[in-house]
Amino acid sequence: MVQRCIGITFDDGPGPYTDQLLQTLAAHNVRATFFMVGTQVQRFPEVAKDVASAGMQIGNHSWNHDDLTTLGASGAAADITQANDLIEQTTGVRPELMRPPYGSTNSSIVNAVGMPEILWSVDPEDWKYRDSDYVANYVSAHAERGDIVLMHDIHQTTVNAVPRILDNLQAQGYTLVAVDTLLGTSLPAGKYSQQPSADQR
Ligand code: NI
């Protein structure tokens, strides 16, 4: 039987609500991907370690959430390397995936950074809708097989919505996974926003 998987991702942390989120994920037996910002890892190093200890996948979401296209290709590569170095120093894990802030990237950045860039296919705009009911309903209604869901663990409203999202999607028979489980490991550099086979859903 082919599993119907959905990728679950959290950006912009770690932050004050991340540990609460880890408890929710553990209670639902879900491994997700956390795209961390370097300056947030500086502020919350213990939380970053908690994410790693929980077995979550850790990705890179830049040093300080700058639009990488404003830094130039070599500046973007340096920015991502700086964040990779700190994340590895702090958690013991060097990210193998990155997500450009705002989804803003181009082919010269992809080439210069040399990492898979993971975008998304379901976006509840939880930074705008600080409303747990809205976020829970949006994701539950829109996520389908092969999608990658974008959320932010720096918002309490989002973290409070996640138990309902996991309940709803698991009740629909979906297996909720980290990006490496959805897309495979050792991805070539390039842009990805969902599972390639998602057109079979
Ligand atoms: Ni972000």
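The values are calculated or read from the model by the stated rules, or taken from the named source; none is laboratory data. None of the values given here were measured: they were computed from a predicted structure. Please note: Cβ atoms are built from the backbone with ideal geometry, for glycine as well, and neighbour counts cover all protein chains shown. Ligands, DNA and RNA are stripped out before the accessible areas are found, and what is left, the full protein with its side chains, is counted by its heavy atoms. Shrake-Rupley method; radii C 1.70, N 1.55, O 1.52, S 1.80 Å.
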Flagged in region 10-23 as within 17 Å of GLN170 (Cβ to Cβ) and either within 16 Å of the ligand (Cβ to nearest atom) or of a type in the set (D, E, K, R) (or both), in numbering order, are LEU21
**Item:** Meets criteria (open to solvent by 50 Å² or more (accessible area, probe 1.4 Å), more than 16 Å from the ligand (Cβ to nearest atom), more than 14 Å from THR9 (Cα to Cα) and in a loop (DSSP other than H, G, I, E, B)) for GLU88
**Value:** no
Checklist entry - Does region 144-161 contain any residue that is farther than 26 Å from GLY15 by Cβ, over 12 Å from the mean Cα position of the chain (by Cα) and either open to solvent by less than 30 Å² (accessible area, probe 1.4 Å) or modelled with pLDDT under 95 (or both)? => result yes
Among residues of region 48-75 being of a type in the set (Gly, Ala, Ser) and part of a loop (DSSP other than H, G, I, E, B), the residue nearest to the ligand (Cβ to nearest atom) is SER62
Within region 44-74, the residues that are closer than 24 Å to TRP120 by Cα and free of Cβ contacts under 8 Å to residues at least 24 places away in the same chain are THR70, LEU71, GLY72
A careful count of residues in region 12-23 that are in a loop (DSSP other than H, G, I, E, B) and surrounded by fewer than 22 Cβ atoms within 10 Å (Cβ to Cβ) gives 4
In the set ALA136, ALA78, the lone residue that is open to solvent by 10 Å² or more (accessible area, probe 1.4 Å) and more than 16 Å from the ligand (Cβ to nearest atom) is ALA78
Consider ALA83 carefully, then state whether it is within 16 Å of the ligand (Cβ to nearest atom), among the small types (Gly, Ala, Ser), out of contact with any strand residue (DSSP E or B) (no Cβ under 9 Å at 6 or more places or on another chain) and open to solvent by less than 40 Å² (accessible area, probe 1.4 Å).
no
Residue count, region 140-179, condition touching a Lys or Arg at 6+ places or on another chain (Cβ under 9 Å), without any contact (Cβ under 8 Å) to a residue 60 or more places away in the chain and either of a type outside the set (Val, Ile, Thr) or in a loop (DSSP other than H, G, I, E, B) (or both), comes to 2
Consider PRO101 carefully, then state whether it is under 13 Å from ALA189 (Cα atoms) and in contact with a Leu (Cβ under 8 Å, 6 or more places away or on another chain). no
Exactly one of ASN60, ASN64 is open to solvent by 10 Å² or more (accessible area, probe 1.4 Å) and closer than 24 Å to VAL159 by Cα, and that residue is ASN64
Quick one: is ALA26 open to solvent by 40 Å² or more (accessible area, probe 1.4 Å) and away from the ligand (no atom under 11 Å from the Cβ)? yes
Selection from region 91-133 of residues assigned to a helix (DSSP H, G or I), open to solvent by 10 Å² or more (accessible area, probe 1.4 Å) and touching a residue at least 40 places away in the same chain (Cβ under 8 Å) yields THR91, VAL110, ASN111, VAL113
Filtering region 29-47 for residues that are among the hydrophobic types (A, V, I, L, M, F, W, C) and away from the ligand (no atom under 16 Å from the Cβ) leaves a count of 2
